[in-house]
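The values are calculated or read from the model by the stated rules, or taken from the named source; none is laboratory data. Quick caveat: nothing in here was measured; it's all calculated off a predicted structure. Ideal geometry is used to build each Cβ from the backbone, glycine not excepted, and the neighbour counts take in all protein chains shown. Side chains included, ligands, DNA and RNA excluded: accessible areas come from the protein's heavy atoms. Shrake-Rupley method; radii C 1.70, N 1.55, O 1.52, S 1.80 Å.
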Amino acid sequence: MNERARETLELAYRMSNLLKTGLDRSTLAVVMALTEQGVNPEALAAVVKELRREAAALRSVSFSSAP
Amino acid sequence: MGSKEVSALVRELVYRLLPSKSELEQGGADRAGRLDAIAERAYNYAVRIFGSRIVPSIINDEGAMAESIKRQLVLQGRSSDALAFADLHRRFSAQIGPGCVENKWALLYVLRSLAEDQRRENAETRGIAGSLTSTLSGPASHGGLPALPAPLDRTGPCDNLSPPKSMVVSNGQMLKVQNYGSTSFPSGGVLILSKDTENAKASAIREFVELCQEESEISEGALVRDVLYACQGIDGRYVKFEKELDGFIVDEAFRVPRATRMLVRKLCEVGWLFRKVQQHIDESIKQGHMEEIGTVGQAFCASLQEELSDYYRLIAVLEAQVHNPIPLMSVGNKVENYLSLRRLLVWLAEPLVRMRLLAVLVDDCKGLKGGAMAGAIHMHAQHGAPIVRSIMARLLVRVCSPLFEMVRRWVLEGELDDIYEEFFVVGHPVKAEALWREGYRLQSGMLPSFIPESLAQRILRTGKSINFLRVCCDDHGWAEAARDAVAAASNSGNRGGLGYGETEALEVMVVEAARKIDGHVLKIMYDQYRLRDHCLAIKRYLLLGQGDFIQYLMDLVGPDLSQPANTVSSFKLAGLLESAIRASNAQYDEGEILDRLRVKMMPYNDGDRGWDVFSLEYILRDPLNTIFTEAVMANYLKVFNFLWRLKRVEHALSATWQTMKPNCSLARLFTSSGSAEKSQVAAILRRCQTLRNEMNHFVTNLQYYIMFEVLEYSWAKFLEEMEDAQDLDDLIAAHERYLTSIIEKSLLGERSKLLCKTLCSLFDLILRFRALADRLYENARAVQARSDSSLRKKLERELFLSNTSRKAASMDFTVEFLKGMGDEMDGVAAEYSSLFEGFIAQLPVQQHVDLKFLSFRLDFSEFYIRQHMNMSTAPLKLKRTPIKASRSS
């Protein structure tokens, strides 16, 4: 069982890398779990995008405000 | 959705995606502090988004998704990557069972959108120097996520979305959506997150669908169902039949856009037409009386019901479609009904045409029945469109079959099978002798327009002939003739079943039957009833064809007829008739014919002599009565009377001739008398002679004219026509013509009344002359006898006294007698000549050509005309041209 899960994750990770989504393994695992749970993929994608933006904003602000 | 797990996962996601505290602490302490708040807010936002029901604009299709990803990779120029991805995807999707991803599509979708997003971000960052705001999304650039209301209404206003104000930034970029939370919905705006640009059209369609749904209170499915009910004439929940508007419309109470209303109204026209047709059928069959409808009307209703059953079939199929929706491939996940109003419009187009046709027919046939209805329907069948023609053909075959059956029965069996008065042949109960002429008539109101008039006449005559044979002739041989006709009809390819459109077959059958039956009728008339013989007998006896018989009859009957009418006994006359027959050649005629010859005494007035009331008649029974009806026999009687009178006059003149024979002795007698008396007597005698000659000339020529120009000629023509006659109608017509021509030519017709009167007065005059001449010659002979005895001197002494007295008396008598005679003779002569001239003068003015021949005969030397011209000048101008004409002829 686990083997298969790992294999699936591996495949998905490779696909994600090909597509250059920028997701790392753990995040991808979370995403996969969420889609399995039946979350709307579009909503999920939107959320991920927003969170990424938020993160970028935080980083950039912090960097810009760096003395 | 297990929300606990989901929320845990979401928290995890947020945690992972947002930068860690440590990272932020590098930059500044204040940022780190805000992280928690931001994280919390992000978490809320995420949960909110996940709870929303944003629908992806593309369908749940893994394969398509993979394809699209591959395509994107290829478009980016990374074909090898595309291949690799394909391989991976194959392996990925082959994995099934526990521990694998079920919702592969969703995962691919996420990956794809993230990839796109990343790509776009990179593109933007590459293009812009370092502006930070450009990497930020709309909400982020406003300083954070918008403030959302505390109670999260997840299922709220997502359904009712007012039209989004969206604009496309550019073709390859996202749709930017404005925040419209401030508009109509108090619960605040809802973000519609933009989709990929490929779905722009799809989203527009989706918006439109939602708009339409929002406009109408009733769903389209419900409307469609109601329209289908309306098409069967039943009121639905929303679509009802309005009496004032006379149509099915959507109920006013419901809010439905105007376009939909019009569409529904148009669709329900079929329902209205259906209602009308159904009403007609109900009225006719279930409630109506049979007499008003008749068999043809019933056949019409039956065929209407057949057409309607086709219609029902279609409606049933459509109804099945309504309940059996097929998912659409283009618009969203929501399942639409297969049958929309527009689809229904297309489906109902052809039934509309058909139903309209049926309704028009129903309207036209209201109140008609029988052949009239068939004719009206036939007029509609003259149409160019093939669909109309096919329907009408089917309908008409049914409708006309009772009619054709009736025709068949009538033509082949003579039976009128018409309880409801639908047939165009109508029968009246009449006596046997009037059967042919009045028993059956054509009722042209019931004659359908596809049966021409001539054919109808033939049909009428054929059936009439059969009935005639059966009733009047007591003949049953017609059954064979009918059987032959049936055989001939079925030989012509028609298996006894005639239908509409086979008018030629009907015509053939009718013609065949008519020919056979008519031939049979004529055969019966000629052979069994000896029509020809009877016609000839009538000519011989009533029209004085048998000269010797007439002569004998006149000799025998003459003295009796001079008595006053009321003393003449018909028995005696009948006896005299018998003896006349026996004395002449007529005795060799057949008993059957002679039996029919009778003496007839006409009703007389006071002062009539026997001559005026005597006539012969010929008794005829059925079926010859149809030809020789009462009217016809009356005409014959008229002619007989005229001829008889003419004959009498001729007879009188010849009798006078007989008395005038011993002329020489008379002349010699008076030579011995005084010269004055001699000349007077001679003059009178001569006058008498000439007058008699004139009259004789007139009468003889008239007689010859009647005999040869009129009677014989007409008879020859009649014989010819009798040969040519095809049926009894022809025969009757020929006979009528024969008789009419006789009457006209012998001056008995309507136009010759004046001439007839002249003739009658001429005849009377001639008879008076005869009496006069008889008296004259009687006296002359008496004188002669006396003078003879005086010459012989036998009884001189005995008769001296008597002689002298008588001689003196006779001498006196003679002189005065002669004078009186002379005066009378003069009077008669003058009257005669004036009448005669009048007669001659009128002849050429007559219409009938043959009378010119009469004038030619009478005046061949133009003696009278010249005399007339000398006497008067006025009428000359009138007569000049006819004389020339007769001269040239």
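Quick notes
- Rolling a 1.4 Å probe over the protein heavy atoms gives the range B:542-672 an accessible area of 48 Å² per residue.
- Distant-in-sequence amide H partners of B:G247 (H built 1.01 Å from N, under 5 Å): B:E242
- FRET efficiency for B:Q279 and B:E720, using Cβ-Cβ distance with R0 set to 60 Å, rounded to 0.05: 0.45
- List B:Y529, B:Y704, B:Y311, ordered by accessible area with a 1.4 Å probe, largest first: B:Y704, B:Y529, B:Y311
- At R0 = 56 Å, FRET efficiency that the Cβ-Cβ distance of B:S444 and B:A830 yields, to 0.05: 0.35
- Solvent-accessible surface (1.4 angstrom probe) belonging to B:E438, in square angstrom, nearest 10: 110
- Label-to-label distance for B:E415 and B:Q587 is 5.6 nm, based on points extended 7 Å past Cα in the beta-carbon direction.
- Database remark: amide H of B:Y440 closer than 5 angstrom to the amide H of B:H428 (H placed geometrically; neighbours at sequence offset of 5 or more, or on other chains; Pro and chain starts carry no H).
- Charge dipole (chain A, unit charges on Cβ, about Cα centre) - positive-most of A:L28, A:N2, A:L18: A:L18
- Computed from the Cβ-Cβ distance with R0 of 60 Å, the FRET efficiency linking B:Q382 to B:D560 stands at 0.20.
- With every protein chain in place and a 1.4 angstrom probe, the accessible-area ranking of B:E413, B:E480, largest first, reads B:E480, B:E413.
- Solvent exposure of the range B:216-364 as accessible area per residue, Å², 1.4 Å probe: 53
- Dipole in debye (nearest 20) - the range B:412-470, about Cα centre, beta carbon charges: Lys, Arg +1; Asp, Glu -1: 340
- Solvent-accessible area lost on pairing B with A (1.4 Å probe, both sides summed) amounts to about 5700 Å².
- For the set B:T629, A:T21, solvent exposure ranked by accessible area (probe 1.4 Å, protein chains only) runs largest to smallest as B:T629, A:T21.
- Projecting the Cα positions of B:Y312, B:L348, B:G233 onto the charge dipole of the range B:216-364 (unit charges on Cβ atoms of Lys, Arg, Asp and Glu, taken about the Cα centre) puts B:L348 furthest along the positive direction.
- Difference of contour (0.36 nm per residue) and Cα-Cα distance, B:E453 to B:A655: 66.7 nm
- Karplus-derived 3J(HN,Hα), 6.51/-1.76/1.60, for each residue of the range B:565-575, Hz, glycine and proline x: 4, 6, 9, 7, 10, 6, 4, 4, 5, 4, x
- Using heavy atoms of the protein chains and a probe of 1.4 Å, the accessible area assigned to B:Y552 is about 100 Å².
- Computed extension gain for B:Q305 through B:K753, at 0.36 nm per residue and net of the alpha carbon distance, reaches 154.5 nm.
- The length gained by stretching the chain between B:V508 and B:N693 to full extension, at 0.36 nm per residue less their Cα-Cα distance, is 60.0 nm.
- Taking each of B:K600/B:K717; B:K286/B:K369; B:K717/B:K757; B:K572/B:K600; B:K286/B:K366 in turn, the alpha-carbon distance tops 20 angstrom for B:K600/B:K717; B:K717/B:K757.
- Estimated distance in nm for a label pair at B:S219 and B:R91, the labels positioned 7 Å out from Cα along Cα-to-Cβ: 4.7
- When the square roots of the Cα gyration tensor eigenvalues are ordered a ≥ b ≥ c, the ratio a/c for the range B:504-559 is 1.5 or more and a/b exceeds b/c, which makes its shape prolate.
- Proximity of backbone amide H atoms, modeled 1.01 Å from N, is registered between B:L616 and B:K600 at under 5 Å, excluding neighbours fewer than 5 places apart on the same chain.
- Surface calculation, 1.4 Å probe, protein heavy atoms: B:D527 sits at approximately 110 Å² accessible.
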